[in-house]
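Chemist: Below: one structure in structure tokens.
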Amino acid sequence: MENVLTGQKVASARSRDELLSGASRFIILSEIVFPFLLLILGVALGLLQVLARAGVLKDSHYFGWIEYYQGLTLHGVINAIVFTTYIIVAFSNALMVSVLKRPLKMGVQWVSWAMMLVGTLMAAFAMLTGRANVLYTFYPPLIAHWTFYVGTVLFVVGSIIPFFLDWIPNYRAWKRENPSARMPLAVLGTFVNFTLWFVMLVPVAIEILFQLLPLSLGLVDEVNSLLARTLFWFFGHPLVYFWLLPAYVMLYTMLPKIVGGKLYSDPAARLAFMLFLIFSVPVGLHHQYTEGGLSANFKLLHAFLTFMVALPSFITAFTVAASLEYGARQQGGRGLFGWWAKLPYFSTKGDQWLFSYFVAGLLLFLFGGITGIINASYNMNMVVHNTSFVSGHFHTTVGGLVTLSFLGISLYLIAKLRGSEVAFKKLAVAMPYLWLVGFFIFDAAKSVVGIMGAPRRTNMGLSYADSASPLYQPDWVVWNHLTMLGGIIAVVGFVLYMVSFFGTLFAKRVNEPSTEMPIAEALHDNPAPVLSNFRPWLIAMVVLIAIAYTQPLIEAFRVTEKSPAYKENMPVPLKMMQGGQ
Amino acid sequence: MVDRFEKRAIVVALTLVLSFFVLLVYAAKGLGADLPTCLPDAKPFKQGELIQLGDKRYQLNAVAKMWNFEPNEIRIPAGSTVDIYLVSTDVMHGFHVNNTLVNLMAIPNVVNYTRVKFDKPGTYDVICHEYCGVFHQNMVGKIIVE
Ligand code: HEM
Ligand SMILES: [Cu+2]
Ligand SMILES: [Cu+2]
């Protein structure tokens with residue numbers, strides 16, 4: 001039997017158990033529940049950070065236990081690396097089962113699962129025992145315990161294994177059964193994302209395995225810090241697209257269906273993903289604008305390419321808005337703006353509660369896009385670099401659209417995989433709007449105080465925000481307090497979410513477990529083969545990376561004097577401390 | 001390939017980002033608001049000092065280290081132009097002179113450079129804005145313009 005629209009064979013009646021075994025449900029469910037347990041700590045630390053930065057807490061440690069920068073390391077690593085990556089893997093696993101209608105390869109999945117778990121536990125051990133107070137960017141020559149580095153490598157390698165050994169082989173098998181069909185959009189977006197993930201892991205793996213781990217183990221005495229930093233941002237910028245693209249997959253495939261419409265343009269969506277493939281990586285120098293040692297002309301080239309990578313996001317904004325308009329008009333929306341009223345902002349009907357996560361995320365992302373263009377704008381970056389403006393920005397991007405869509409999809413998958421109904425749906429629908437208001441205030445206040453000069457990654461309760469300190473900055477106070485207010489509102493939203501999350505997890509089964517996803521058809525769909533063929537885009541990607549990174553890496557290599565390792569609590573090299581006792 | 005509304009949206013977006021880019025190139029090259037660059041011949045130094053080069057002309061060799069700057073406080077007359085050279089002698093630090101465009105990273109063994117003119121008298125805070133250890137939040141220098 002063929003589906004007339006997609007040309008793809010409707011799955012021959014594979015039995016449900018064969019498609020989604022108990023073990024594969026366990027894999028996906030645990031890849032969601034485990035990171036949520038950590039995220040509770042991550043969000044609690046976020047709350048403590050806004051209190052400290054507002055001068056409400058004035059201590060080096062929270063309650064004599066976790067130190068501020070130790071907490072900030074945990075906050076960054078858990079929220080931005082562990083939580084995001086886990087949900088991306090879980091979502092992609094479920095998506096492949098749902099779209100390709102083929103079961104997961106359990107051997108591969110168990111290896112990936114175990115590596116991610118062991119990696120997380122090792123890094124958690126290092127961070128929780130104060131052996132890795134290096135923040136989630138781990139710039140040398142500050143050094144952490146080796147378990148932090150080994151844990152990180154195990155974790156990320158575990159996360160990419162399913163792509164190569166499960167999804168690609170499963171897709172090939174699907175293609176053999178459906179030779180005339182194009183690669184489904186959801187698969188294309190996921191494959192672009194994991195191709196990027198593979199490419200960006202190369203530089204950071206080199207940094208960790210050849211520079212940081214040997215230094216941490218004492219096998220070498222010195223490190224080239226500029227080279228390490230350049231390799232880190234070679235990874236660090238595309239990382240933000242690794243977070244974002246799964247959200248875009250949801251916006252293109254699920255959101256139009258949820259509002260009762262269609263994806264406005266399938267080729268535009270494919271074009272956007274392919275543009276991400278070529279432009280996401282060669283832009284890392286926009287994190288290094290203000291440092292010496294790297295040519296300004298290459299910083300300018302990276303600035304240009306950063307503007308190019310904004311293009312697929314503009315395309316996405318247009319396509320998503322057009323799809324929403326189409327859906328709303330199908331539901332009877334009229335007029336130039338009247339259709340806005342027909343969208344299911346507060347609906348709890350069926351899967352429509354998910355809409356609140358996407359729409360609140362998109363609104364936050366609007367601000368994230370604008371502040372992101374400011375950050376990227378070369379010389380304008382000198383006004384905001386490393387101020388709290390930057391952390392305001394990324395709480396509307398990774399903390400905004402990405403986190404909200406991941407919270408939404410996690411709740412959705414928990415319910416589907418357990419065969420339960422989403423519990424406390426009203427709380428689940430209220431949550432994204434609290435998060436939206438909270439992080440809007442948070443970002444606005446952090447932007448203002450950042451432009452006034454407030455630094456990021458700083459325990460301000462001990463200095464700038466402490467009225468008893470000679471470093472006190474009275475002009476910043478009101479903005480620090482507004483940041484705190486925004487943070488508290490967002491945390492309230494999170495608490496409501498967790499009620500619904502655990503309620504759903506422990507609710508009784510009423511349906512057959514599945515991984516079924518609402519996936520929209522396309523309104524405009526004129527196939528262009530080049531948009532489903534990876535090869536030309538991969539070649540363009542490699543060429544651009546070579547042009548953008550050869551010279552900066554040579555410059556970084558030229559730094560001949562290197563630095564010994566330091567611990568965060570001693571102003572002398574680690575070796576001297578150990579030797580001098 | 002893509003429909004005509006979609007094409008229009010792409011053209012508008014492209015025009016927008018390209019005009020942003022043209023403007024920032026103009027600001028950098030025309031108005032002189034450019035970024036630090038690679039100075040292959042600059043030797044990293046270990047000692048911080050303020051050197052007077054002429055009337056209202058100074059060179060500041062700034063050293064960032066756990067957890068202060070060297071020199072940590074300098075005084076210069078209003079209208080002075082200062083060539084700032086910056087290096088770290090231990091871990092990464094930041095060097096952000098509030099209310100100016102001076103915003104630099106201090107990286108071990110890498111010399112950073114910028115030039116700035118101080119017209120308005122006052123006390124400028126120099127804030128370390130990169131995490132550098134347990135006393136990072138106390139790492140502040142001062143530039144006093146008289
Ligand atoms: C209600 C929840 C949250 C609050 C109140 C919060 C608060 C904060 C604050 C105040 C900082 C700045 C600390 C400093 O610069 O000294 C920060 C940093 C950060 N946050 Fe959050 N946050 C929250 C949720 C999230 C989420 C969901 C994510 C990502 C998924 C996230 C990712 C980050 C990252 C990556 C940093 C930077 C860490 C660094 O500079 O090393 N946060 N957060
Ligand atoms: Cu970036
Ligand atoms: Cu410092």
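The values are calculated or read from the model by the stated rules, or taken from the named source; none is laboratory data. What you see is a predicted model; the values in this text were computed from it and never measured. Cβ placement follows ideal geometry from the backbone for every residue including glycine, while neighbour counts extend to all protein chains displayed. Calculation scope for accessible area: heavy atoms of the full protein, side chains included, ligands and nucleic acids excluded. Shrake-Rupley method; radii C 1.70, N 1.55, O 1.52, S 1.80 Å.
Chemist: Heads up, I need the accessible area for B:TRP67: 1.4 angstrom probe, whole protein in place, Å², nearest 10.
Modeler: 40
Chemist: Using alpha carbons only, how many angstrom separate the centre of the range B:68-101 from the centre of the range A:306-369?
Modeler: 47
Chemist: For the range A:18-181, state the average projected area of the convex hull of the C-alpha atoms over all orientations, rounded to one decimal in nm².
Modeler: Details: hull surface 45.5 nm².
With the hull built on Cα positions only, its mean projection is 11.4 nm².
Chemist: Quick check on the range A:378-489: what does the Kirkwood estimate of hydrodynamic radius come out to from the alpha carbon pairs, in Å? List each step's numbers first, then the result.
Modeler: On the way: mean 1/r = 0.0634 Å⁻¹.
When all Cα pairs of the range A:378-489 are included, the Kirkwood radius is 15.8 Å.
Chemist: Let me ask something else about it. If you stretched the chain out fully between A:ASP59 and A:ASN533, how much longer would it get, using 0.36 nm times the residue separation minus the C-alpha to C-alpha distance?
Modeler: Working: separation 474, 0.36 × 474 = 170.64 nm, distance 5.58 nm.
Value of the extension gain: 165.1 nm.
Chemist: Here's a follow-up. Just the number, please: buried accessible area between A and B, total of both chains, 1.4 angstrom probe, nearest 100 square angstrom.
Modeler: Numbers: alone 23340 and 9420 Å², together 27170 Å².
In total, this chain pair buries about 5600 Å².
Chemist: Still on this model: Quote the FRET efficiency, to the nearest 0.05, computed for A:VAL543 versus B:VAL22 with a Förster distance R0 of 30 Å and r equal to the Cβ-Cβ distance.
Modeler: The formula returns an efficiency of 0.75 here.
Chemist: Here's something else I'd like to know. List, in the order given, every pair from A:LYS58/B:LYS46; A:LYS575/B:LYS65; A:LYS342/B:LYS7 whose Cα-Cα distance in the structure shown is over 23 Å.
Modeler: Details: A:LYS58/B:LYS46 34 Å; A:LYS575/B:LYS65 17 Å; A:LYS342/B:LYS7 27 Å.
Violating the 23 Å limit, Cα to Cα: A:LYS58/B:LYS46; A:LYS342/B:LYS7.
Chemist: What figure, in Å² to the nearest 10, do you get for the accessible area of A:SER180 with a 1.4 Å probe and non-protein molecules left out?
Modeler: Spelled out: A:SER180, probe radius 1.4 Å, area about 100 Å².
Chemist: Same structure, new question: How long are the semi-axes of the equivalent ellipsoid of the range A:305-419, defined as square roots of 5 times the Cα gyration tensor eigenvalues? Whole Å, largest first. It would help to have the intermediate numbers written out before the result.
Modeler: Working: eigenvalues 186, 77, 26 Å².
Taking √(5λ) for each Cα gyration eigenvalue gives 30, 20, 11 Å.
Chemist: Please calculate the 1.4 Å probe accessible area of A:ILE547, with all protein chains present, and give it to the nearest 10 Å².
Modeler: 90
Chemist: So what is log10(I(q)/I(0)) for the range A:382-432 at q = 0.14, 0.18, 0.26, 0.32 1/Å, when the Debye sum runs over its Cα atoms only?
Modeler: Listed by q, the Debye log ratios stand at -0.50, -0.66, -0.96, -1.12.
Chemist: For B:ASP119, A:ASP466, give the ranking by accessible area with the largest first, probe 1.4 Å.
Modeler: Reading off the accessible areas and sorting them downward yields B:ASP119, A:ASP466.
Chemist: Then there is this: Specify whether the C-alpha gyration tensor of the range A:362-404 places it in the rounded, prolate or oblate class, a ≥ b ≥ c being the square roots of the eigenvalues: rounded for a/c under 1.5, otherwise prolate if a/b is larger than b/c and oblate if not. Write down the numbers at each step before the final one.
Modeler: Values: a/c = 3.35, a/b = 1.89, b/c = 1.77.
Taking the square roots of the gyration eigenvalues as a ≥ b ≥ c, the range A:362-404 is prolate.
Chemist: When only the heavy atoms of the protein chains count and the probe is 1.4 Å, how do B:LYS56, A:LYS446, B:LYS7 rank by accessible area, highest first?
Modeler: Details: B:LYS56 80, A:LYS446 15, B:LYS7 110 Å².
The ordering from most to least exposed comes out as B:LYS7, B:LYS56, A:LYS446.
Chemist: Starting from a Cα-only point model with no solvent, please compute log10 I(q)/I(0) by Debye for the protein assembly as shown at q = 0.10 1/Å.
Modeler: Summing over Cα pairs of the protein assembly as shown leads to -1.00.
Chemist: A follow-up question, please. Could you sort A:ARG25, A:ARG270 by their accessible area in this structure, using a 1.4 Å probe and putting the largest first? Don't skip to the answer; put the middle values down first.
Modeler: Details: A:ARG25 50, A:ARG270 10 Å².
I get A:ARG25, A:ARG270, largest accessible area first.
Chemist: Over the Cα atoms, compute the radius of gyration (one decimal) and Dmax (the largest Cα-Cα distance, rounded to a whole number) for the range B:46-146, in Å.
Modeler: 12.6, 40
Chemist: Taking the Cα centre of each part, how many Å lie between the range B:1-55 and the range A:210-270?
Modeler: 24
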